[in-house]
Amino acid sequence: DEIQQPRLVWFELGLGPAITVVPTATTRLTLGPGLPQDTLTALDMEGLALFPDGSFAVSHEGHIDRTGTARQPRVLRVTRDGVVTDVIRPRPAFAIDPADRARGVRHNLGFEGLTRTPAGRLVAGLEQPLAQDGPVSSRERGGVVRLAEFVETGGAWAPGREWAYALEPTPAVDGYTQTCADGENGLSALLALSETTFLAVERACLLGPPGATAYNPVRVFMVDVDGADDVSGLPSLAGASPVLARKRLVQDLAAWRPQLPASLRTLANFEGAALGPPGPRGERTVMLVS
């Protein structure tokens with residue numbers, strides 16, 4: 001039953017002369033009453049958002065499992081003690097059809113990022129475009145993904161607006177001539193700073209000489225959806241020209257490489273972002289996790 005028992009791991013995080021990370025507990029997820037029995041089967045949790053009462057929302061990316069069954073992209077609401085209370089589903093345009101790969105979330109390239117805005121809305125970010133929206137990122141051009149909003153009204157969650165967000169092309173890095181499997185540049189984490197502004201983490205995975213450690217280009221962008229078009233009514237972005245979410249580069253982690261020990265200079269597959277504890281001078285911090 002291990003495949004049906006995903007878990008959350010708790011850590012104590014400290015900032016001082018060095019960052020300390022100490023695991024303290026593990027919480028297994030269990031199924032609340034009235035939910036489909038396969039809700040936790042082959043669950044691929046990617047994004048996590050915290051609510052003020054200590055409960056969570058987690059995003060399931062969406063993939064086709066080893067049996068050929070489509071595990072649809074969705075967001076789960078989870079109590080602090082690990083009980084899944086609700087399954088929040090996106091619009092049908094996101095659905096995976098194993099018989100029609102030209103539509104829906106691409107295998108294992110769906111809801112990679114998830115965040116909660118200060119007002120309580122959830123926003124999930126796709127790692128790569130829906131199949132009908134266009135090609136995945138390449139070294140020539142970045143794909144265009146959807147940021148999908150979910151809103152709660154009267155205790156029930158429903159899809160809200162959607163915005164189009166343009167990824168950067170997969171970076172070209174000297175000595176790294178190939179990409180890893182599913183290693184093209186994609187959105188890996190999303191963090192709300194306000195109702196309209198977010199930090200977005202984009203990362204790729206590049207291969208160098210045989211036996212060498214893969215290199216992960218990682219960049220953090222400020223994203224603003226204020227003024228961007230709501231594309232929730234568009235069945236496809238291909239051929240459309242919506243007003244995109246605005247973005248600007250905040251940090252390219254490649255700039256940190258000279259300051260890192262040799263073992264860390266290829267960076268890592270960063271797929272999580274959260275607001276951290278106050279820094280040494282009381283400043284706001286953002287934590288990335290690989």
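Numbers below:
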| item | result |
| --- | --- |
| Charge tally in the Cβ shell below 13 Å around Val225, where Lys, Arg are +1 and Asp, Glu are -1, Val225 excluded | -2 |
| Tail beyond 16 Å, pair distance distribution of segment 69-120 (Cα, percent) | 53 percent |
| From the coordinates shown, Cα extents along the principal axes in Å corresponds to which of [x] 53, 48, 42; [y] 56, 41, 35; [z] 64, 43, 42 | [x] |
| Globularity ratio of segment 1-137, using Cα Rg and 2.2 N^0.38 Å | 1.14 |
| Under 13 Å, Cβ to Cβ, from Ala255 - net charge with Lys/Arg +1 and Asp/Glu -1 | +2 |
| Rg/Rh for segment 158-254, where both radii come from Cα atoms and Rh is the Kirkwood radius | 1.05 |
| Long-range HN-HN contacts of Gly47 with modeled amide H, under 5 Å | Ser59 |
| Per residue accessible area of segment 1-140, 1.4 Å probe, in Å² | 48 Å² |
| Portion, in percent, of the accessible area of the chain that falls on carbon or sulfur, probe 1.4 Å | 54 percent |
| Distance histogram for segment 95-152 (every C-alpha pair counted, 5 angstrom bins, percent rounded to whole numbers) | 4, 19, 23, 21, 15, 11, 5, 2 |
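The values are calculated or read from the model by the stated rules, or taken from the named source; none is laboratory data. Since the structure is predicted, the reported quantities are computational estimates derived from the model, not experimental observations. Neighbour counts run over all protein chains shown; Cβ positions are idealised from the backbone, glycine included. The area values use the complete protein model at the heavy-atom level, side chains included, leaving out ligands, DNA and RNA. Shrake-Rupley method; radii C 1.70, N 1.55, O 1.52, S 1.80 Å.
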